[in-house]
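Each remark here refers to the structure printed beneath this line.
Since every read-out is calculated from the coordinates, none of them should be taken as a lab result. It should be emphasised that the depicted structure is a prediction, and the values quoted were computed from it without experimental measurement. Cβ coordinates were reconstructed from backbone atoms using ideal geometry, including for glycine residues, and neighbour counts include every protein chain displayed.
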Amino acid sequence: MLSKLLKYEFKATSRVFLPAYAVLLIAGAIQKIMLQFGFYNNDMGVFSKILGSIVPSLLGAAVVAIFVVTLVVMINRFRKSLLGREGYLMFTLPVNTSQLILSKAIAVLAWAILSCIIGLITVVILVYDTDFVNFVNDAIGLVGEASRQAGASNVVLFFIETVLTFIFGIVNLTFMIYLCLSIGQLSNKHRGLCAIGAFVGINFVLRNIILAIISNVLFTDKFVPPFYLCGYDTASIVGILQMMNAFMLAGLVIVIIELLIYFFITKYILSNKLNLE
Amino acid sequence: MAWTFKDDRPIYSQLVEQIKIKIISGEWELGSRLSSVRELAEQAGVNPNTMQRALAELERDGLVHSKRTSGRFVTEDEDMIKGVREAVAAENIAAFMESMKRLGFTESEIMDEFKKAVSQQTV
Amino acid sequence: MTEFVLECTGVSKKYGKKEVLKNINLQLERGKIIGLLGPNGSGKTTLIKIINGLLTADEGDIKVSGEQIGIESKKIISYLPDRTYLADWMKVKDIVGMFDDFYKDFSREKAEDMLKRLNINEDDRLKTLSKGNKEKVQLILVMSRQAQLYLLDEPIGGVDPAARDYILNTIITNYNPDASVVISTHLISDVEKVLDEAIFINNGEIVLHESVDDIREKYSTSVDGYFREVFKC
């Protein structure tokens, strides 16, 4: 059932993302071609100078726009498809509330990752030249050097944790937004206001409470490493890397605990206190 | 012929009457096969259970009978149908007499009015 | 199969201080078409929403074909809400495919046949359909399922008389002795001929639950007429 829900979720959202990606990539390619053939270097004077500064920043804006679109879709899909008219269909399908929530979260995560990749590709298209190739080679060399000095496992761990932080960060944001929207739908007349209120409440109050509890329970010297956040030798690269890994891991733990809390409260609200318009 | 229903009586008994009329008028021929309950219900615009109840009563009265696998059939008993037709005719006549008497006609006046009307019709 | 397709025992629901349903006790037999009749705010829609899982009762027990409200009950309930619930971006054939995907008892052939007869093109986007056609699509989807309990909330409300006849006709021809249909409506005289039983509900309480024939015999009036008497303002 979850896979079926995902199928329809992707069908619904690809209508927004795929054209946007196509536009971005094509625009990037055009921009690159224009740059490559010195279009802007011709003596078109003011015109070329203006074009030369507008188009890149437009492109930059478009890259940002893709991320905004991802966020907007995240909110809208949940609101429209579950809490609006379509909710009358979704909540009477023979599926779990969890499956409904997860299908949307997974789809959003997939698009977020894809958006990053497309954004990265666009940027690479734009800046790709010999300088860039050299830059990449130097960077790879740096990573190799760091591996030798600090231990390959630490470097790999660093990259893995960075990716996981990104992924769980998105899931955390997603479930947090879902929770706000679910709290918002409890009200009859002030759905938007309550959702925003929930957002403020969660970010400024709940989060701090969770952080306080976790840091006092887990991140103390009464607990074992890797949660032990002190005592790293910050003079050496190994030490720095290990400390960063430890902090990221601690952050991951917090993010995951938070997202689980958000998920289960959302599930409870939608299963027991559903209040469709 | 369209099915019409009044508000104040159960629908199944009105169905019984109207089917009776279809049978004795020959609209549903002797020995002919009835459509399925569902089809009849659809034609009449009524609940299938109601139609079923009506047909069951007609079976009890003998106007309709069912053969186990082949469905329901109008009876082939011409004499019975004749009897039912005469009974319905008697009811209609009684109702007619009743309504004429309420207008103040005597029985012989009723006969005169009736003969007048019939002769005008045949012209 | 259980004897009753729906059993409600002691079902109550409050919105804040207001009691919307008070101790509802109800048993629906299979193979019946039942009218759920009552004025606005009587609790009709609340009861229907509770049965199909859109709301949770505060108290009481509900069994659909012996199942508690949940995934199993949703598999055997076919629900037609009183509003359009379809995603605008989908084409008609997309939503047909979706019902086919999620409901084992859905018959694609039946749905396609009905769509053809009503001249609704499968390739049209739902967004472009008229309101009447959207409602017909929803009805077709609901009636193309071989469910055990059909819950129709105001199915003929905003529809023209010809469409009304078509809808009632579809309900009759869809008849299945194992399943029951609950029609919640204001338009009693239109649906009366199609009903086996009538339930009167008022102020969250069931006031009457009898067969239509019995009502007509006992009170010498149609259900519509009796309703007007009972709910006189």
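Here is how the numbers come out for the structure above:
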read-out: Filter on C:Lys32/C:Lys104; A:Lys104/C:Lys17; A:Lys80/C:Lys93 - keep pairs with C-alpha separation over 27 Å; value: A:Lys104/C:Lys17
read-out: Check: chain C dipole with +1 on Lys, Arg Cβ and -1 on Asp, Glu Cβ, in debye; value: 700 debye
read-out: Environment charge at C:Met1 (Cβ cut-off 11 Å; Lys +1, Arg +1, Asp -1, Glu -1); value: -1
read-out: Cα-centre dipole for region A:70-152 with unit charges at Cβ (Lys and Arg positive, Asp and Glu negative), debye to 20; value: 700 debye
read-out: Estimated [θ] at 222 nm from DSSP helical runs (n ≥ 4, -39500 (n - 2.57)) normalised by residues in chain C, nearest 500; value: -10000 deg cm²/dmol
read-out: Furthest towards positive pole of dipole, C:Ile171, C:Ser107, C:Val96, structure part region C:93-233, Cβ charges; value: C:Val96
read-out: Among A:Pro94, A:Val73, B:Ser36 the positive-end extreme of the charge dipole of the protein assembly as shown (Cβ point charges); value: A:Val73
read-out: Computed over chain A: relative contact order in percent, which uses C-alpha pairs under 8 Å that are six or more apart; value: 23 percent
read-out: Estimated [θ] at 222 nm from DSSP helical runs (n ≥ 4, -39500 (n - 2.57)) normalised by residues in chain A, nearest 500; value: -27500 deg cm²/dmol
read-out: Rel. contact order, % - alpha carbon contacts under 8 angstrom, at least six apart, chain B; value: 22 percent
read-out: DSSP bridge orientation in the protein assembly as shown - percent antiparallel, rounded to nearest 5; value: 60 percent
read-out: Sites excluded, GluC sites (Glu not before Pro) in DSSP loops with at most 12 other C-beta within 10 Å, longest stretch of chain B; value: B:77-123
read-out: Residue-averaged beta-carbon neighbours from other chains (10 angstrom radius) around C:166-179; value: 3
read-out: Binned Cα-Cα distances of chain B, short to long, each 10 Å bin given as a whole percent; value: 12, 35, 28, 18, 8, 1
read-out: Shape metrics for region C:70-145, restricted to C-alpha atoms - Rg then Dmax, Å; value: 11.8, 36
read-out: Largest to smallest principal axis extent of the C-alpha atoms in region A:151-277, angstrom; value: 59, 27, 22
read-out: Karplus (6.51, -1.76, 1.60) ³J(HN,Hα), θ = phi - 60°, over region B:81-94, in Hz, Gly and Pro reported as x; value: 5, 4, x, 5, 4, 5, 5, 5, 4, 4, 4, 4, 5, 4
read-out: Geometric extent, Cα atoms of region C:113-178 - Rg, Dmax (angstrom); value: 12.1, 37
read-out: At least 20 Å along the helix axis (C-alpha) and Kyte average at least -1.0, DSSP helices within chain C; value: none
read-out: Size of charge dipole - region B:79-122 - debye, nearest 20, with Cβ of Lys, Arg +1 and Asp, Glu -1, no other charges; value: 100 debye
read-out: All Cα pairs of region B:79-122, percent lying beyond 13 Å; value: 63 percent
read-out: Kirkwood-based shape ratio for chain A, expressed as Rg/Rh from alpha carbons; value: 1.05
read-out: Stokes-Einstein D (µm²/s) once Rh is taken as the Kirkwood radius of the protein assembly as shown over alpha-carbon pairs, at 37 °C in 0.692 mPa s; value: 107 µm²/s
read-out: Neighbour-count ranking [beta-carbon atoms within 10 angstrom, fewest first] of A:Val136, A:Val123, C:Val5, B:Val64; value: A:Val136, A:Val123, B:Val64, C:Val5
read-out: Packing-based exposure ordering (other Cβ within 10 Å, fewest first) of C:Tyr226, C:Tyr103; value: C:Tyr103, C:Tyr226
read-out: Among the listed pairs C:Lys14/C:Lys131; A:Lys189/C:Lys14; C:Lys14/C:Lys136; C:Lys134/C:Lys193; C:Lys44/C:Lys218, those beyond 28 Å (Cα-Cα); value: C:Lys14/C:Lys131; C:Lys14/C:Lys136
read-out: For residues of A:77-90, the mean tally of beta carbons on other chains within 10 Å; value: 3
read-out: Rel. contact order, % - alpha carbon contacts under 8 angstrom, at least six apart, chain C; value: 28 percent
read-out: For chain C, projected area of the alpha-carbon convex hull averaged over all directions, nm²; value: 13.0 nm²
read-out: Within chain A, longest stretch clear of exposed trypsin sites (Lys or Arg not before Pro) (DSSP loop, no more than 10 other Cβ within 10 Å); value: A:1-188
read-out: Sequence of C:Thr46, B:Thr4 once ranked by neighbouring C-beta atoms within 10 Å, starting from the fewest; value: B:Thr4, C:Thr46
read-out: Spatially proximal lysines relative to B:Lys101 (Cα-Cα < 29 Å; intrachain offsets below 8 disregarded); value: B:Lys6, B:Lys20, B:Lys82, B:Lys115, B:Lys116
